Amino acid sequence: MEINWVVIKLVLIIGIVVIGPMVLVIWTMRRRARATRDLEIEAEYALAGFKVTTSPAHGGPVVRGTLQGTPFVLTVSPGANTTPAMTVINVPRAPGVSFAVSREGSRDLSGRDLLEPVLPDTRARDAVRTLFLLGFDTVSGRGGRLSAIRSIKAGVLDLGSLRAAVEQLAVLRSTPGTRAVATWAAPESSSVWIMGVSLALLFAGFILLDQANRGIQPFADGAAAMMDVWPAVAAACLALVALAMFLLRGRPLARGELGFIVFAALPGLCLGGAGAAMLANQHLDESAHRERHTQVEGRDYHKRVPRVILAPWRAGSGSVALKVSPGTHKNLQAGQRWIMRTRAGWLGYEWVESARPAPNT
């Protein structure tokens, strides 16, 4: 019987690619689960009459019991490389409106409380705030279940903290009237639009700047060109951030939207503006050319393209790197005189149209 080595190799590759990462994830979660276990606290749970088991999915402890007439389930997930560790307490409730409130999104940028639109009852709001003080990040209601979730310093709770958390969840489930509004959950369409436009601006800015770098000639001042505009750009960015904070005040997802504007939209506008300015400065320039005299400072290769490095031709300017032919590159010598043919630039930033060795050099 002939052995089909191709099939065997294929099976081995699939096993390594698929099963290997699964085994690694399971091993990582089990190892972290052991680190999150606290045998003394689990012994307290057992003495209190709670049932302590181990989750077959992630290896963390699962505690079931009843406190002050409220049944609960405490789950401690150790997390993995891509998922954070979490402590979750679930209690049953009568099926009602779904909601979710987070500690980060409980106030807008101006400090206004955003819990009231979600939880009209004062007792419910106080219960949620108490859960936040106990270290929980999110409180939510889905179907017939209330949940308190803790991802920072996740781990098994001591009996006192568990009792306090279940008590607040019991108060929350006894207060009707929760409204279908959330300080985080599915983002509103306007939020999605803000985030999408911010990312699109960042992507477009990178593309435009890359095309400018590829499609224009170097500036006559080298790296020193256009440096005078950055203070004005920084001031404009600060003004735009202040305007965004003013316009986003009162919105539930204001912090996340402002983050997208600051770290995506503004960098995209800066990069795209720089690229557009570089292209306009050269392609809209109709000025007459002029000659600048300089000398060779060195030579190098950039992405396997030979270049000559020309010394600054005036105070305050920088070195200029220009592409040259391999033959010219081979014969370059430091101190060799060169002539740059430049033009003034549509925006006033002089750029190099061409360059050549000076006669008799």
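The values are calculated or read from the model by the stated rules, or taken from the named source; none is laboratory data. Just so you know, these numbers come straight off a predicted model, no measurement behind them. Every residue, glycine among them, receives a Cβ derived from its backbone with ideal geometry; neighbour counts consider all protein chains shown. These area figures cover heavy atoms from the full protein model, side chains too; ligands, DNA and RNA do not enter into them. Shrake-Rupley method; radii C 1.70, N 1.55, O 1.52, S 1.80 Å.
Within the range 210-224, the set of residues being in contact with a helix residue (DSSP H, G or I) (Cβ under 9 Å, 6 or more places away or on another chain) and open to solvent by 40 Å² or more (accessible area, probe 1.4 Å) comprises 210, 211, 213, 215, 217.
Considering each residue of the range 284-293 in turn, at least one proves to be polar (S, T, N, Q), loosely packed, with under 15 Cβ neighbours inside 10 Å and farther than 30 Å from residue 240 by Cα.
Taking the residues in the range 171-190 that are surrounded by fewer than 19 Cβ atoms within 10 Å (Cβ to Cβ) and assigned to a helix (DSSP H, G or I) as candidates, determine which candidate is modelled with the lowest pLDDT. Looking at residues that are surrounded by fewer than 19 Cβ atoms within 10 Å (Cβ to Cβ) and assigned to a helix (DSSP H, G or I), I get 189.
Within the range 125-164, the only residue that satisfies the criterion of being closer than 21 Å to residue 65 by Cα, part of a helix (DSSP H, G or I) and under 28 Å from the mean Cα position of the chain (by Cα) is 131.
Here 316, 273, 256, 268 are screened, and the one residue that is among the small types (Gly, Ala, Ser) and in contact with a Gly (Cβ under 7 Å, 6 or more places away or on another chain) is 268. For the range 338-361, a residue qualifies if it is more than 16 Å from residue 228 (Cβ to Cβ) and among the acidic types (Asp, Glu), and exactly one does: 353.
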